[in-house]
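**Q** My questions all concern the structure below.
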Amino acid sequence: MKRFPTLTVSNHPLIQHKLSYIRDKRTSKKVFKELVDEVGTLLAYEITKNLPVRAVRVETPLETTTCNVIDSENVVLVPLLRAGLGMVDGVRNLIPNCAICHLGLYRDHETHEPVTYYFKPMQRPENRMFIMVDPMLATGGSAIASADMLKQSGAKDIKFMCLVAAPEGVEAFQHAHPDIEIFAAALDDRLNDDAYILPGLGDAGDRLFGTT
Ligand code: URA
């Protein structure tokens, strides 16, 4: 029995190669962002492997044939602000017509409860595939609250995509949302006392946006 039945970690050599440079503290901001984009594209390829297709007639230069297309506007990317923004371009390279539904949460210092400060729900959510993106699945707190929000808005088909997951975060997320598959480039060792993932890659938002 798998410890984390909802987790898929990609062992694709390209993803593993690129992640090694993403982790490296010497990697420049420019290269860091480029690599996050590339891994985002590769993970999106895996995550969308069961997207429904629709038959269309296409005229090739020689004859008419039946081909498959996806309804790309039914794919909704949900970047969890702020660091999730860094993974948007990579997915959009692959699915340029996907919708982008930003979701911003912060943790109230006194109540420790997540507070939503930005969310514009999608219309007709029941027909769409939602892909939540956040580079780090650390404690799982904001991912769980974000998935709660999406479900409250009517979303049925939700997936979660990250670069690096901590066992603590995967455990908490799969307990709260056993129906949501998690796709990660790596499952790391543990969280430190400040809830950073070890070995991790540092603060993803700071490295993406230069706020160190
Ligand atoms: N957020 C980050 O950016 N990095 C971590 O290691 C954990 C949470």
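FYI, it's all coordinate maths here, none of it is from the lab. Because the structure is predicted, anything quoted here is derived from the model rather than measured. Every residue, glycine among them, receives a Cβ derived from its backbone with ideal geometry; neighbour counts consider all protein chains shown.
**Q** Please arrange Ile15, Ile100 by how many other C-beta atoms lie within 10 Å of their C-beta, fewest to most. Intermediate values should be presented prior to the final figure.
**A** Working: Ile15 21, Ile100 13.
Going from least to most buried by this count: Ile100, Ile15.
**Q** Out of residues 5 or more away from His102 or on other chains, whose amide H comes under 5 Å of its own, with H placed 1.01 Å from N in the peptide plane?
**A** Placed amide hydrogens put Lys120 under 5 Å from His102.
**Q** Here's something else I'd like to know. Compute the length gained on full extension between Lys25 and His102: take 0.36 nm times their separation in residues and subtract their Cα-Cα distance, giving the result in nm to one decimal. Display every interim value, and only then the final one.
**A** Numbers: separation 77, 0.36 × 77 = 27.72 nm, distance 2.83 nm.
24.9 nm is the gain from fully extending Lys25 to His102.
**Q** Looking at the chain from every direction and averaging, what is the projected area of its Cα convex hull in nm²? Mind showing how you got there, number by number?
**A** Values: hull surface 56.5 nm².
For the Cα atoms of the chain, the hull's average projected area reads 14.1 nm².
**Q** I would also like to ask the following. What is the magnitude of the charge dipole of the stretch 15-71 about its Cα centre, with +1 placed on the Cβ of each Lys and Arg, -1 on the Cβ of each Asp and Glu, and no other charges, expressed in debye to the nearest 20? Working shown, then result.
**A** Values: 10 positive and 8 negative charges, 104 e Å.
Using only the charged Cβ atoms, the result is roughly 500 debye.
**Q** Once the mean 1/r over all distinct Cα pairs of the stretch 68-184 is inverted, what Kirkwood radius in angstroms do you read off?
**A** Details: mean 1/r = 0.0699 Å⁻¹.
Evaluated over the stretch 68-184, this radius sits at 14.3 Å.
**Q** Of Gly86, Tyr106, Phe130, which is farthest along the charge dipole of the stretch 71-130 in the positive direction, counting Lys and Arg as +1 and Asp and Glu as -1 at C-beta?
**A** Towards the positive end, the residue furthest out is Gly86.
**Q** Once phi is turned into ³J(HN,Hα) by the Karplus curve 6.51 cos²θ - 1.76 cosθ + 1.60 with θ = phi - 60°, what whole-Hz value does each residue of the stretch 120-129 show in order, with x for glycine and proline?
**A** Each residue's phi maps through the Karplus curve to give 10, x, 7, 7, 6, x, 5, 9, 10, 9 Hz.
**Q** Using alpha carbons only, how many angstrom separate the centre of the stretch 124-140 from the centre of the stretch 63-113?
**A** Spelled out, the Cα-based centre of one part sits 8 Å from the other.
**Q** Here is a further query. So for the chain: antiparallel DSSP bridges make up what percent, rounded to the nearest 5?
**A** Details: 13 of 38 bridges.
Just about 35 percent of them are antiparallel.
**Q** Cα axis of helix 13-23 to longest principal axis of the chain: angle in degrees, 0 to 90, nearest 10?
**A** Long axis of 13-23 versus the principal axis of the chain: about 40 degrees.
**Q** Might you report the magnitude of the Cβ-based charge dipole of the chain about its Cα centre, with Lys and Arg at +1 and Asp and Glu at -1, to the nearest 20 debye?
**A** Numbers: 23 positive and 27 negative charges, 81 e Å.
With only Lys, Arg, Asp and Glu charged at Cβ, the dipole is about 400 debye.
**Q** Right, here's the next one. Please list, in chain and number order, the residues 5+ apart from Lys156 or on another chain whose amide H is under 5 Å from its amide H, with Hs placed from the backbone.
**A** Arg128
**Q** What pairs in Lys29/Lys159; Lys25/Lys49; Lys2/Lys159; Lys18/Lys49; Lys2/Lys33 have C-alpha atoms more than 26 Å from each other? Intermediate values should be presented prior to the final figure.
**A** Details: Lys29/Lys159 28 Å; Lys25/Lys49 33 Å; Lys2/Lys159 19 Å; Lys18/Lys49 21 Å; Lys2/Lys33 33 Å.
Cα-Cα > 26 Å for Lys29/Lys159; Lys25/Lys49; Lys2/Lys33; rest within.
**Q** Taking all pairs of distinct Cα atoms, average 1/r, flip it, and tell me the Kirkwood hydrodynamic radius of the stretch 125-212 in Å to one decimal place.
**A** Numbers: mean 1/r = 0.0746 Å⁻¹.
Every distinct Cα pair counted, the radius reaches 13.4 Å.
**Q** Return the sequence-ordered ³J(HN,Hα) values of the stretch 46-57 in whole Hz as given by the Karplus equation 6.51 cos²θ - 1.76 cosθ + 1.60 applied to θ = phi - 60°, using x for Gly and Pro.
**A** 6, 5, 9, 5, 10, 4, x, 10, 10, 7, 10, 8
**Q** Follow-up question, since we're still on this one. Using the Kirkwood radius over C-alpha pairs as Rh, can you work out the diffusion coefficient of the stretch 1-74 via Stokes-Einstein at 20 °C, viscosity 1.002 mPa s, in µm² per second?
**A** Using the Kirkwood radius from Cα pairs, D works out to 136 µm²/s.
**Q** Still on this structure, please answer the following. Along the charge dipole of the chain, pointing to its positive end and built from +1/-1 on Cβ of Lys, Arg, Asp and Glu, which listed residue (Ile144, Ala186, Val69) has its Cα farthest out?
**A** Val69
**Q** Further, regarding this structure: Can you compute 3J(HN,Hα) from phi for each residue in the stretch 195-200, using the Karplus curve 6.51 cos²θ - 1.76 cosθ + 1.60 with θ = phi - 60°, rounded to whole Hz and x for Gly and Pro?
**A** 6, 8, 7, 10, x, x
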